[in-house]
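This report concerns only the one structure given below.
The values are calculated or read from the model by the stated rules, or taken from the named source; none is laboratory data. Please read all numbers here as calculations on a predicted model, not as lab measurements. Methodologically, a virtual Cβ is constructed for each residue, glycine included, from the backbone with ideal geometry; neighbour enumeration extends over all protein chains shown.
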Amino acid sequence: MNFGLDQPKISETEYSPSTLIIFVDSNIGKDDLKKAIEEYQAEVIYDYNSFNSMAIKIPSGKTIEEAIQYFQNVKGVIMVNRDQKSQLF
């Protein structure tokens, strides 16, 4: 039921070519991830404390697929997602 209101439509999912959202186990913490980010020469865009996750920008010269593989193997990492761009219209 939409009560006479048009529902917003969401376009196809578009992904950022250089940004990842990485979730960590709260019992392990982010120390290993922070070290891995530095070693990979990635840049922290945002630290989501309430979600135990971080948004990072991967360095030029590395593919998003390479970065996903690298960060999936870091101690404490439970999920690595590509950053999604969605547009409501």
Select from segment 34-51 the residues that are surrounded by 12 or more Cβ atoms within 10 Å (Cβ to Cβ), more than 12 Å from residue 19 (Cβ to Cβ) and either under 11 Å from the mean Cα position of the chain (by Cα) or at pLDDT below 95 (or both) and list them in ascending order.
-> 47, 48
Quick one: how many residues across segment 63-85 are aliphatic (A, V, I, L, M) and in a strand (DSSP E or B)?
-> 4
For segment 29-62, how many residues meet the condition of being in a loop (DSSP other than H, G, I, E, B) and in contact with a strand residue (DSSP E or B) (Cβ under 9 Å, 6 or more places away or on another chain)?
-> 7
